[in-house]
């Protein structure tokens with residue numbers, strides 16, 4: 001029977017995996033080892049700042065095992081969304097780790113690199129040509145927003161990965177990629193059904209999260225056939241059930257029946273999930289439906305200021321009873337004190353114990369907490385102004401004379417000295433839009449370098 | 001007729017981002033019977049979600065019943081985009097709690 005086996009070691013490169021599970025996966029003679037390295041979930045900071053949310057040593061450890069296995073067994077290794085966000089800074093960070101490993105291990109292999117960061121000028125031109133549309137509920141885009149963006153990436157589809165594999169890359173390091181792209185590209189090249197390949201990639205991209213018990217730091221094996229695919233964990237302590245696999249299909253998605261991606265949608269209305277054996281689930285009927293025009297999802301983040309935070313606790317019931325009015329009074333005092341300088345800042349008091357987690361979505365009437373956690377959050381156009389606002393709000397709140405106060409030594413319990421933390425630059429997502437493209441590959445230029453010979 | 005709370009029928013009740021602008025709520029029922037009972041009772045609909053979270057029904061993007069997983073999911077507009085100033089839950093992973101109190105009427 002014609003089969004294509006894909007080994008997914010972990011949910012995110014750097015999240016780790018047990019060597020035992022990985023070896024069990026290699027024993028199944030996979031045709032591909034692939035891993036997703038990123039996500040927008042950790043928020044806009046990492047894209048904006050150009051840094052990884054995974055740790056360098058942890059990423060290096062995972063890559064060493066994966067590339068070593070790939071080289072020894074002549075299996076391609078494909079990494080998607082390098083460095084967590086897949087912009088140029090992230091790609092170069094991850095590339096440096098691979099080159100360092102190649103030097104240490106004396107590896108010599110063709111390494112394909114696919115870029116996914118788009119220039120602001122290009123995006124601006126496309127915007128002016130009406131080739132960008134918003135993804136509800138993201139706000140409409142403007143030229144000013146594009147110019148203000150720090151970095152913009154496009155999510156490549158499997159075509160861009162196929163193009164570099166066709167050029168002979170043994171290891172592929174891709175910038176921002178639609179998660180299933182790196183798991184499905186080589187199978188689509190081998191002639192397998194695109195809908196099944198992408199759906200299998202969608203389940204594999206989170207490693208053993210689709211198993212029971214679920215884990216983001218363990219391996220999952222996918223076996224693609226002509227009319228179905230089978231997923232199974234490689235750790236004897238886990239199993240896949242029809243519910244665990246089907247449930248993963250709806251994870252982080254709005255509509256589990258229709259999953260939009262580059263160039264079309266994955267239509268799961270006719271998908272069936274059948275228990276193959278006690279550990280494995282067989283999935284069939286998933287279809288890829290190409291759309292009339294090919295679209296790529298864009299992601300961008302812009303810097304909105306610099307942050308300083310102060311963390312404190314409050315145990316005085318008299319103060320807790322009037323915390324809202326105290327916060328407002330402190331806010332007014334800060335505003336009044338610096339009015340002559342015209343500072344622009346955002347000052348927020350996040351009160352844990354009083355809607356600190358759910359904010360306006362909180363259905364419970366609050367006020368029953370015997371202690372409160374207070375996080376004073378100041379964001380301003382410079383770090384100095386953020387420091388000033390946070391420091392002044394903190395000292396004002398510490399000594400604020402609210403009605404009925406008996407604890408005149410201070411209103412806040414600080415767990416740390418210094419009490420204020422400079423958190424640096426703050427970013428917002430400001431582009432989350434679709435770009436219409438004529439060609440799914442040209443947007444993502446690639447190159448192949450020979451490791452060990454790069455100088 | 002008897003009333004039970006959602007956790008008695010479900011094995012998973014969770015919230016998570018669906019991209020930076022949406023929050024999605026998943027309820028995975030313990031078996032097909034519980035799932036079908038919940039679907040029949042229309043326990044999770046635009047109105048119940050809007051009431052539980054104090055939002056407009058227009059901000060409930062969709063309710064989907066997904067029988068392969070015995071699951072019902074609801075997706076709402078995030079009150080703030082992930083990581084925006086004033087935001088409190090970047091991953092959106094702790095917004096599920098109101099669902100734990102939802103009551104289901106069983107025949």
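Full extension of the chain between residue A:258 and residue A:74 yields a length gain of 62.7 nm, computed as 0.36 nm times the residue separation minus the alpha carbon distance. For the options B:42, B:78, B:14, a Gaussian network treatment of chain B with springs between C-alpha atoms closer than 10 Å singles out B:42 as fluctuating the most. Among the residues of A:299-308, the average count of other protein chain beta-carbon atoms within 10 Å of the residue beta-carbon is 1. Take every pair of alpha-carbon atoms less than 8 Å apart whose residues are at least six positions apart; their mean separation over the length of chain B yields a relative contact order of 40 percent.
Overall form of the range A:293-353: oblate. Here a/c, set by the Cα gyration tensor axes a ≥ b ≥ c, is 1.5 or more, and a/b is not larger than b/c. In the range A:1-154, the DSSP beta bridges split such that about 25 percent are antiparallel, to the nearest 5. Measure out, as a whole number of angstrom, how far apart the alpha-carbon centroids of the range A:314-343 and the range B:1-57 sit. That distance is 39 Å.
Averaging the Cα positions of each part gives two centres, and for the range A:356-377 and the range A:405-419 these lie 19 Å apart.
Residue by residue along B:14-23, Cβ atoms of other protein chains within 10 Å of the local Cβ number 6 on average.
Translational diffusion of chain A, estimated by Stokes-Einstein from the Kirkwood radius over alpha carbon pairs at 4 °C in a medium of 1.567 mPa s, is 53 µm² per second.
Sorted on the mean count of surrounding Cβ atoms within 10 Å across their residues, most packed first, peptides A:403-411, A:153-161 read A:153-161, A:403-411. According to the square roots a ≥ b ≥ c of the eigenvalues of the Cα gyration tensor, what is the shape class of the range B:1-57, taking rounded for a/c under 1.5, prolate for a/b larger than b/c otherwise, and oblate for the remainder? Oblate.
Roughly what angle does helix A:383-399 make with the longest principal axis of chain A, taking Cα atoms, 0 to 90 degrees, to the nearest 10? So the helix axis and the longest Cα principal axis differ by about 50 degrees.
Taking every DSSP beta bridge that has both ends in the protein assembly as shown, the antiparallel portion is near 90%. Among A:392, A:444, A:421, the order by Cβ neighbours within 10 angstrom, fewest to most, reads A:421, A:392, A:444. Using Cα atoms only, what is the angle between the long axis of helix A:56-73 and the major principal axis of chain A, expressed in degrees (0 to 90) to the nearest 10? Once rounded, one gets 0 degrees. Entry note, the protein assembly as shown: the mean residue ellipticity at 222 nm calculated from DSSP H runs of n ≥ 4, each adding -39500 (n - 2.57), is -8500 deg cm²/dmol after division by the residues and rounding to the nearest 500. Based on the reciprocal of the average 1/r between different C-alpha atoms, the Kirkwood radius for the range A:316-412 equals 14.3 Å.
Peptide B:58-68 is shielded by partner chain Cβ atoms: per residue, an average of 4 of them sit within 10 Å of its Cβ. Highest GNM mean-square fluctuation among B:24, B:48, B:75, for chain B modelled with Cα contacts below 10 Å: B:48. Relative contact order of chain A: 20 percent, from C-alpha pairs under 8 Å at least 6 residues apart in sequence. Let a ≥ b ≥ c be the square roots of the eigenvalues of the Cα gyration tensor of the range B:2-100; is it rounded (a/c under 1.5), or, if not, prolate (a/b larger than b/c) or oblate? Prolate shape, in that a/c is at least 1.5 and a/b is the bigger ratio. Dimensions of the range A:388-438 from C-alpha coordinates, computed as largest minus smallest value along each principal axis and given longest first, are 71, 26, 19 Å. Give me the distance between the Cα centres of the range A:206-275 and the range A:24-75, rounded to whole Å. Measuring centre to centre over Cα atoms gives 19 Å.
Since every read-out is calculated from the coordinates, none of them should be taken as a lab result. Everything numeric here is computed off the predicted structure, so don't read it as measured data. Using ideal geometry, Cβ is built from the backbone for each residue, glycine included, and neighbour counts are taken over all protein chains shown.
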